[in-house]
1. As I understand it, the dipole of the stretch 86-153 uses +1 on the Cβ of Lys and Arg and -1 on the Cβ of Asp and Glu, about the Cα centre. Which of Trp124, Ala152, Ser105 lies farthest toward its positive end?
2. Test of understanding: ordering Ser105, Ser32, Ser323 by Cβ neighbours within 10 Å, fewest first, what list do you get?
3. State whether the stretch 288-362 is rounded, prolate or oblate according to the following rule on the C-alpha gyration tensor (a ≥ b ≥ c being the square roots of its eigenvalues): a/c under 1.5 gives rounded; otherwise a/b larger than b/c gives prolate, and the remaining case gives oblate.
4. Nothing charged except the Cβ atoms of Lys and Arg (+1) and of Asp and Glu (-1): what's the magnitude of the dipole of the stretch 38-173 about its Cα centre? Round to the nearest 20 debye.
5. Picking from Cys196, Val136, Leu240, whose Cα lies most toward the positive end of the charge dipole for the chain (charges on Cβ: Lys, Arg +1; Asp, Glu -1)?
6. Can you compute the charge dipole magnitude of the stretch 205-321 about its Cα centre, using +1 on each Lys and Arg Cβ and -1 on each Asp and Glu Cβ, nothing else charged? Give it in debye, rounded to the nearest 20.
7. Answer rounded, prolate or oblate for the chain, using the Cα gyration tensor with square roots of eigenvalues a ≥ b ≥ c: rounded when a/c is under 1.5, else prolate when a/b is larger than b/c, else oblate.
8. If amide hydrogens are placed 1.01 Å from N in the peptide plane, which non-local residues have theirs closer than 5 Å to the one on Gly255?
Amino acid sequence: MTQKTILNDAHRALGAKMVDFGGWDMPIHYGSQIDEHHQVRRDAGMFDVSHMTVVDLRGANVRAFLRRLLANSVDKLQKPGKALYTCMLNEAGGVIDDLIVYFLSEDFFRLVVNAATREKDLAWIGAQAAAFDVEVRERAELAMIAVQGPNARAKAIGLLSADTALAAGKVGKFAAVEATLRDGTPLFVARTGYTCEDGFEIIVAEDRAVALWQALLDAGVKPAGLGARDTLRLEAGMNLYGQDMDETVTPYEAGLAWTVALDADAQGAPRAFVGRGVLEAQAAACAPRQMIGLVMDEKGVLRHGQRVICDRGDGEILSGTFSPTLGKAIAFARVPAGDPGSVRVDIRGKEIPVRPAKFPFVRDGVALVPAA
């Protein structure tokens, strides 16, 4: 059965075109995906991300558990409210899921994981937690709204009560605070997102989500659907789980080497996280594959599954789209490791030249791709 977020009726009232997304009935756009994309880059837009899964971890051994569970090091989190992006790996080093972990206290951490991987994530986390006596609690009664764009923070902060507006306004990037709306509604406000724009991801009780959505609308924040969210995240150089990475792909093969911490524990021994052995071997000898960014200066669109021809061998397009900000096609591709040399993409039997490019392609509304 298709699931619905608490905001489903609100989307339909705004004329959203709804689609099935991983078993959820979600808005793809509200009239124009391009307009929604530009709205986020230029002003402020919001996304219903209530299908995401919030998991609270409690217990005296939570930090030790997360040292084992995650490829990045939670020891980087020392100040309550700070957040960390990381991958959760299997024994072969493949990505079970990517997630954000928030440090709230020594016995309380919060995870936000992907919707499509909810069941396997909860099963894996629960199995791994058993040895550490950690309580794993899914917070299905919570909803989440992402408010993104250069004016997003100011518009969201304007809705908060005076005693919490200052705290929310000062929260640094990749950190979170508790706040309240003017009517007293409690919020968990994180300065995170999936667009390479400033903004917040706001967690709120389901029974207050519709009121928060309406308050944001009244403040001039316009709704955006999954279509714009996808073009924004690809411009931002952010992976989509299941398309750019999965359990057969390591972080080194997914452009996520920066999320791997091959650190030591308090006794100086290598931190024994799941999948470490495979990652150590790839770090020493180089992973066999790499993910690169591509830009196509000719007309056309790069799409998932297209063959990529490099000097070092063939690869394939992972995520591809037309970039509204750049006005041309961009993509992620997985290709053999090393300098790819000249790169072409097979589009309907014709080899079209493309340029390798570093990602993100766009940050804070500014194009980072050099001209051809």
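What follows is calculated from the coordinates using simple rules that are stated; it is not laboratory data. Predicted model, so just to flag it, every value in this text is computed and none were measured. All Cβ positions, glycine included, derive from the backbone under ideal geometry; neighbour counts span all protein chains shown.
1. The listed residue farthest towards the positive side: Ala152.
2. Starting with the residue having the fewest Cβ neighbours, the order is Ser105, Ser32, Ser323.
3. Cα axes put the stretch 288-362 in the oblate bin.
4. With only Lys, Arg, Asp and Glu charged at Cβ, the dipole is about 620 debye.
5. The residue sitting most towards the positive pole is Cys196.
6. Once rounded to the nearest 20, the dipole reads 140 debye.
7. oblate
8. Close amide H contacts, sequence-distant or interchain: Met291.
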